[in-house]
Every structure is written in structure tokens, then in C-alpha cells.
Amino acid sequence: MVTYHDSCYLGRHNDIYDAPRALIAAAGGTLTEMDRSRDGSFCCSAGGGRILAEEKIGERMNVKRVRMAAATGAEVLVANCPFCLTMFEDGVKGAGVEESLRPKDIAEILAERIH
């Protein structure tokens with residue numbers, strides 16, 4: 001089972017939500033949606049230069065988003081953006097879910113399927 005993060009560029013800026021989900025389904029993935037998805041998705045925190053910033057107040061956004069993904073019970077958090085993927089790789093460590101949730105690029109999912 002996988003969950004998919006709608007990145008701001010492909011999703012909210014370009015209104016592309018169904019195509020990545022169709023690719024995941026075509027690759028044999030069983031998708032479970034996070035509470036915040038599609039045009040209501042939650043930021044990974046890489047946008048706007050946050051990938052370079054250290055957040056000092058409250059919970060880091062990438063950790064919060066990873067916790068949302070972990071709450072679905074999915075084993076894989078699929079992203080389509082290299083910035084999101086970097087944030088989630090760091091976020092699984094911050095959330096302490098390295099053993100139960102693995103971030104992957106959608107291209108990795110498709111490559112695994114054709115091999």
C-alpha cells in the first residue's frame with residue numbers, strides 16, 4: 001500500500017492530480033489517500049526556500065507531513081518532486097518512522113514495475 005503526496009508544482013500550480021494516481025495504479029500500487037490531498041494537500045516545506053532553512057518553532061512541516069502519510073498505514077510515501085523527496089527522506093528520520101515508511105519517487109515505482 002502506498003500514499004501519494006501532491007506536490008505544489010504538479011498539483012496546485014498545474015492542476016494535475018489524476019495522472020500520477022493512474023500511473024501508480026498501472027504499476028500495481030494500492031493507493032490510500034492522506035487526509036490532506038489533491039488541491040488541499042499539505043506542503044512538504046521545500047517550497048519557498050524552506051529546504052534551506054532550519055525551523056525553530058513548532059514541528060517541522062516535513063515531519064508533520066510524514067506523520068500524515070504514516071497515519072494512512074502505507075509503507076511507501078510516493079512523491080513526484082525531487083525537493084519533496086529530499087524533505088520526506090529527512091522527515092521520516094525526524095518522525096522516527098524509518099522502519100515503517102519509505103519515501104520513493106514515482107519514477108522509481110514505475111522503474112521497479114518494468115524490471
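Nothing in this text is a laboratory measurement; each read-out follows from the coordinates by a stated rule. What you see is a predicted model; the values in this text were computed from it and never measured. Glycine gets a Cβ as well: all are built from the backbone with ideal geometry, and neighbour counts include every protein chain shown.
What's the ranking of 83-95, 19-31 by average number of surrounding C-beta atoms within 10 Å, highest first? Let's see the in-between values first.
Values: 83-95: 21.2, 19-31: 14.7.
Ranking the peptides 83-95, 19-31 by packing returns 83-95, 19-31.
If you place +1 on the Cβ of every Lys and Arg, -1 on the Cβ of every Asp and Glu, and leave all else neutral, what size is the dipole of the chain about its Cα centre, to the nearest 20 Debye? Intermediate values should be presented prior to the final figure.
Working: 14 positive and 17 negative charges, 39 e Å.
That gives a dipole near 180 debye.
With the cut-off at 26 Å, report for the chain the share of all Cα pairs above it, as a whole percent. Don't jump to the answer; show the numbers that get you there.
On the way: 789 of 6555 pairs.
That fraction is 12 percent.
Under 20 Å from a label point 7 Å along Cα→Cβ of ALA71: give me every residue in the stretch 2-17 with its amide N that close.
Under cut-off, by backbone N: 2-8.
So how far apart, in nm, are the two label points at ALA26 and TYR9 if each is 7 Å from Cα heading toward Cβ?
With each label placed 7 Å out from Cα toward Cβ, I get 2.1 nm.
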